[in-house]
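J.: Sharing a structure below in structure tokens format, with a few things to ask.
Coordinate-derived values only; no laboratory data. Everything numeric here is computed off the predicted structure, so don't read it as measured data. Neighbour counts run over all protein chains shown; Cβ positions are idealised from the backbone, glycine included.
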Amino acid sequence: MTEPAIDVSGLVKRFDGRTVVDHVSMRVEQGEIAGFLGPNGSGKTTTIRVMCGLLTADEGHGRVLGHDLRKRHLIKREIGYMTQRFSLYEDLTIAENLAFVAGLYGLNPVQSFVRDTLADLGLTARRDQLAGTLSGGWKQRLALAACVMHNPRLLLLDEPTAGVDPKARREFWDEIHLRAENGLTVLVSTHYMDEAERCHRINYISYGRLVASGTVADVLAKAGLTTWVLEGPNTPDAAKLLAGKPGVDEVTHFGTTLHVVGRDAAALKRSVADAVQATGVQGQPADTTLEDAFIRFMADGQDNMQ
Amino acid sequence: MSRYFSIRRLTALWKKEFIQMRRDRVTFAMMLGVPLMQLILFGFAINNDPKNLPAALVAPTQDHYTRAIVSALELTGYYRFDHVAVSATEAEALIERGTVAFVVTIPSDFGLRVDRGDRPTLLIEADATDPAVASGAISTLGTVASDALLHEMGIASQAAETARSHLNVIVHRRYNPEGITQYNIVPGLLGVILQMTMVMMTSMALTRETERGTMENLLAMPVTAAEIMLGKVLPYLGVGAVQVIVVLGAAKLLFNVPFVGDLGLLLLGVLVFVLSLVLLGYSISTVSRSQMQAMQLTFFFFLPSIMLSGFMFPFRGMPVWAQWIGELMPLTHFLRMIRAVMLKGAGPANIHPQMTALIVFVIIFALIALARFRRTLD
Ligand SMILES: Nc1ncnc2c1ncn2[C@@H]1O[C@H](COP(=O)(O)OP(=O)(O)OP(=O)(O)O)[C@@H](O)[C@H]1O
Ligand SMILES: [Mg+2]
């Protein structure tokens, strides 16, 4: 049994007395791609920063790649951290940025590492372009190049695909999976459901608290939701009718269909049957999506806050 | 790779810093253009030996001796007698208001004393609030006046040397007895210019990274506080070296500032001074949260250092408490050192205290910077 790549427990981080990360415990096995999800301001970036030594936790302890969280200098050498905001030098070219990073990781010879990384990520043609003049997708690719160049054992990626087109996103994920097969561990935060589904396991954080973690199936099970899909010309009427009815937690439009989600399966079934009766729409049970689950978690989180 | 220090990491930091400097045209221009511009501007303003300065004449008896002296003084080009035959009180008011720069007083018994063979007295009061301006006029004065007088008395100028003691010229440099000269100021200007550019630029070293968001990436990589400090500070030492060459070269070429001391010793002193400045700037950047704050702190430091270092006003003329504050500024020690070496030819033994003080500043600023450096984003 190998040691987990990330094993932290009870992490607490406060800013000016406001608890932003609230007793977060997380385990990520080696070679695993772990998704990190949660609404804006829920504490994803802060948790990742604590893990890579950029912030000190107020409480809690843990190990990253077998090193105690306090041994920052050891952790830094073996991880690659891609920040949410582009944080390489805009007034340096792609190649100069990579050479700088290679120098700081003590890679030798710098130029051959830079050349290989450029080729690896398809950046060679743009090597002399200033980073500041790159489009979002290329910036993200450069940032990824900079954090994988030194062959880290763990990648911490903070919303790496925000604002990137679908094709580039798919390529990015193919790249991540390829590396994970070779033993790299990845913790990646995202707001995209399709990306969450590409992770081996996901962790969902809300208001600083980790509310669910496990495989997609585990998380769906934890949410304990039942979903019905309604179809037909009168779905808008059905939506109005269903809102606030017993067993109905969420009513969402998807094009011409209506997703009705609830925790109490029996009550939901009765309410849906009533609506079908009244408006003449077609209703049938469907699989709950992650998005439904997350929206449910978010609503729960708000309840907790009040 | 050592945990604490690696020359490879330092080299990477330097390269990056130099590339950024090169790309930032405005800053680059400022680093070389501003020193030169300031030197030329101030240097000429100070070096120009201003002539045709307004003067008042207090002469109760207008005899031919008086006229001879007045016309001789006017011939030098320095004096322009706008106010002739005024009373002593009027003259006092004129100089106080700054309407005239000089008051020449020829006593009523002047002619009488000359004829008797006594030593006549001539009083010249100079408004020395701007001493560099008045100094040229004053320095020619004694000779001109007595030559004129001797000529008037019919003594040939060969004999003038011996007879000079005949005239007793009393000069009162008023308001600023120390009388700073241009040579005093041009070397000082080097110190002020270096301080201005070096502190200003390094004070933004870290805040710029923070504001651009690059600090997060930098701190996530295995680089130490000392490496970041040296990586930031030493490239500016190089810039400082270029500035020194530009300013010293211009001082020599344009202003012909005398250079009696050992150049090697001078450069060594300048090096330590610049090192203390870049570390001071860097310390400022470790405590400021934004470039605006860094700028404010820098200016907060500038004015006192220019006023209290002995650049603008004579150091020993200040009250003791102000002198103590002055001692806390690297510029004060540098000014003493550079004036001693450049103008008086002082050797290592003579500038030892200044050198020690500057080295102490280097150590203190480096320690402050290391202690205040934030290794995390907290
Ligand atoms: N340095 C800081 N000082 C004070 N508050 C902070 C600081 N950094 C983060 N916060 C606060 O902590 C909370 C969590 O922020 P964090 O950036 O971790 O959220 P996030 O989950 O990454 O959000 P997003 O999805 O928008 O990136 C926010 O309310 C934020 O305002
Ligand atoms: Mg974030």
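J.: Restricting things to alpha carbons, find the Rg to Rh ratio for the range B:184-243 using the Kirkwood radius for Rh.
T.: Details: Rg = 14.7 Å, Rh = 13.1 Å.
My calculation of the ratio gives 1.12.
J.: Under the definition of partner shielding as Cβ atoms of other protein chains within 10 Å of a residue Cβ, what is the mean value for peptide A:87-95? Display every interim value, and only then the final one.
T.: Working: counts 10, 5, 9, 4, 8, 6, 2, 0, 0.
Mean partner-chain Cβ count within 10 Å for A:87-95: 5.
J.: Under a Cβ-Cβ cut-off of 14 Å, what is the net charge of the residues other than B:A85 that fall near it, where Lys and Arg count +1 and Asp and Glu count -1? Show your work: numbers first, answer last.
T.: Details: positive: B:R67; negative: B:D63, B:D82, B:E90.
Result for the local shell: -2.
J.: While we're on this one: Loop-only check: which trypsin sites (Lys or Arg not before Pro) in the range A:113-219 are DSSP coil with at most 13 other Cβ within 10 angstrom?
T.: Numbers: sites: A:R115, A:R126, A:R127, A:K139, A:R141, A:R153, A:K167, A:R169, A:R170, A:R179, A:R198, A:R201, A:R209; in loops: A:R127, A:R153, A:R198.
Here no loop site has a sparse enough neighbourhood.
J.: At 37 °C and a viscosity of 0.692 mPa s, what translational diffusion coefficient does Stokes-Einstein give for the range B:1-120, taking Rh as the Kirkwood radius over Cα pairs? Give it in µm²/s as a whole number. Intermediate values should be presented prior to the final figure.
T.: Numbers: Rh = 19.8 Å.
The diffusion coefficient I find is 166 µm²/s.
J.: Arrange the peptides A:264-273, B:267-276 so that the one whose residues have, on average, the most other Cβ atoms within 10 Å appears first.
T.: Details: A:264-273: 17.0, B:267-276: 22.1.
Taking the mean over residues of other Cβ atoms within 10 Å, the ranking is B:267-276, A:264-273.
J.: Let me ask another. Order the peptides B:359-366, A:184-191, B:25-32 from the highest to the lowest mean number of other Cβ atoms within 10 Å of their residues. Write out the running numbers ahead of the final one.
T.: Numbers: B:359-366: 16.9, A:184-191: 23.2, B:25-32: 13.4.
Ranking the peptides B:359-366, A:184-191, B:25-32 by packing returns A:184-191, B:359-366, B:25-32.
J.: Antiparallel DSSP bridges in the protein assembly as shown: what percent, to the nearest 5? Intermediate results must be reported in sequence, preceding the final value.
T.: On the way: 39 of 71 bridges.
Beta bridges within the protein assembly as shown, antiparallel portion: roughly 55 percent.
J.: Inside 10 Å of the C-beta atoms of B:201-212, what's the mean count of C-beta atoms belonging to other chains?
T.: Working: counts 0, 0, 0, 0, 0, 0, 0, 0, 2, 0, 0, 8.
Mean partner-chain Cβ count within 10 Å for B:201-212: 1.
J.: Taking the Cα centre as origin and putting +1 on Lys and Arg beta-carbons and -1 on Asp and Glu beta-carbons, what dipole magnitude results for the protein assembly as shown, to the nearest 20 debye?
T.: Details: 63 positive and 64 negative charges, 259 e Å.
The dipole magnitude comes to about 1240 debye.
J.: Per residue of the range A:12-19, in order, report the coupling 6.51 cos²θ - 1.76 cosθ + 1.60 (Karplus, θ = phi - 60°) as ³J(HN,Hα) in whole Hz, putting x for Gly and Pro.
T.: Values per residue, Gly and Pro as x: 10, 9, 10, 10, 6, x, 8, 7 Hz.
J.: What are the radius of gyration and Dmax of the protein assembly as shown, computed over its Cα atoms and given in Å?
T.: Rg and Dmax of the protein assembly as shown, Cα atoms, are 39.4, 139 Å.
J.: How large is the charge dipole for the range A:37-184, taken about the Cα centre, if only the Cβ atoms of Lys, Arg (+1) and Asp, Glu (-1) carry charge, to the nearest 20 debye?
T.: Numbers: 19 positive and 17 negative charges, 46 e Å.
Computed about the Cα centre, the dipole is about 220 debye.
J.: Using θ = phi - 60° and the Karplus form 6.51 cos²θ - 1.76 cosθ + 1.60, what ³J(HN,Hα) does each residue of the range B:5-11 get, whole Hz, x for Gly and Pro?
T.: Rounded to whole hertz, the list is 8, 9, 5, 5, 5, 4, 4.
J.: Let me ask something else. List every residue whose amide H lies under 5 Å from the amide H of A:L65, counting only residues 5 or more places away in sequence or on a different chain, with H placed 1.01 Å from N in the peptide plane.
T.: A:I6, A:D7
J.: Shielding of B:220-229 by partners, i.e. mean partner chain Cβ atoms within 10 Å per residue?
T.: On the way: counts 16, 13, 12, 5, 1, 0, 0, 1, 0, 0.
For peptide B:220-229, the averaged partner shielding equals 5.
J.: Okay, moving on. What is the magnitude of the charge dipole of the range A:27-70 about its Cα centre, with +1 placed on the Cβ of each Lys and Arg, -1 on the Cβ of each Asp and Glu, and no other charges, expressed in debye to the nearest 20? Intermediate values should be presented prior to the final figure.
T.: Details: 5 positive and 5 negative charges, 19 e Å.
Dipole of the range A:27-70, to the nearest 20 debye: 80 debye.
J.: Turning to a different aspect of this structure: Classify the range A:193-286 as rounded, prolate or oblate, taking a ≥ b ≥ c as the square roots of the eigenvalues of its Cα gyration tensor: rounded when a/c is under 1.5, otherwise prolate if a/b is larger than b/c and oblate if not. Intermediate results must be reported in sequence, preceding the final value.
T.: Working: a/c = 2.57, a/b = 2.04, b/c = 1.26.
Prolate is the answer for the range A:193-286, as a/c is 1.5 or above and a/b outweighs b/c.
J.: Show me A:254-262, A:98-106 ranked by packing, highest mean number of other Cβ atoms within 10 Å first.
T.: For the peptides A:254-262, A:98-106, the packing ranking is A:98-106, A:254-262.
J.: Between the alpha-carbon centers of the range B:321-374 and the range A:240-306, tell me the distance in whole angstrom.
T.: 76 Å
J.: Something else now. Once amide H atoms are placed 1.01 Å from N in the peptide plane, what residues at a sequence separation of 5 or more from B:T61, or on another chain, have their amide H within under 5 Å of its amide H?
T.: Residues meeting the amide H criterion: none.
J.: If the limit is 21 Å between Cα atoms, which of B:K252/B:K344; A:K167/B:K16; A:K13/A:K222; B:K232/B:K252 go over it?
T.: Values: B:K252/B:K344 16 Å; A:K167/B:K16 33 Å; A:K13/A:K222 26 Å; B:K232/B:K252 31 Å.
Checking Cα-Cα distances, A:K167/B:K16; A:K13/A:K222; B:K232/B:K252 exceed 21 Å.
J.: Next question. Return the calculated 222 nm mean residue ellipticity for chain A, to the nearest 500 deg cm²/dmol, obtained by summing -39500 (n - 2.57) across DSSP H runs with n ≥ 4 and dividing by the residue count. Let's see the in-between values first.
T.: Details: 11 runs with 118 residues, N = 306.
One gets -11500 deg cm²/dmol as the mean residue ellipticity at 222 nm.
J.: Go through A:L74, A:T215, A:L130 and say which Cα lies farthest out towards the positive end of the charge dipole of the range A:6-217; charges sit on Cβ, +1 for Lys and Arg, -1 for Asp and Glu.
T.: A:L74
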